[in-house]
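Read the structure below first, then the notes.
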């Protein structure tokens, strides 16, 4: 704050003139790593972004007591893989996860009962280690066909007998 001229000040207390910076030059988005498209980049194993995806883990754990696993399968692997699928579905609709996304994932993979035997046999190898390894979760998510994301849990349950139309086996 400036002082009136009649107030005695030392030279170090006086306001110093500021140095003026030059006007900035024009800037262009031409660096190699710049994302200049409006949409999120996509490729296998890249993942899906959406708001509040961590809340989906709480929702996935809420259904954990209903999960039916066979011998050789771990409940934690089922939860991790279905959580990843459910959050991909919620991100597809540009919203936070809801309980129906997690139910959709558990039904899709046959963890809520009524799964064909060939689906159970195939998912056992796919889900092995999903709770411990992120890349295993990405493989599970990438096995879901994009058009399957638009189905409701009831529609998935009705089509589960022909599960190869819903998944990339």
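Every number in this text was worked out from the coordinates using simple rules, so none of it is lab data. These numbers were taken from a predicted model, which means no experiment stands behind them.
Below are the figures for this structure:
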| quantity | calculated |
| --- | --- |
| Helix 99-108 vs. the chain, principal-axis angle (Cα, 0 to 90°, nearest 10) | 40 |
| Relative contact order, percent, the stretch 55-165 [alpha-carbon distance under 8 Å, six or more residues apart] | 31 |
| The stretch 104-169, relative contact order in percent, only Cα pairs under 8 angstrom and at least six apart counted | 37 |
| The chain: most fluctuating residue of 48, 18, 90 per GNM, C-alpha cutoff 10 Å | 18 |
| Among 105, 60, 121, residue whose mean-square fluctuation peaks in a GNM of the chain (springs only between Cα atoms under 10 Å) | 121 |
| Tilt relative to the chain, helix 75-92 - C-alpha long axis, 0 to 90 degrees, to 10 | 60 |
| Helix 117-127 axis, angle to the chain major axis (alpha carbon atoms, nearest 10°) | 30 |
| Kirkwood Rh, Cα atoms: Rg over Rh of the stretch 55-165 | 0.91 |
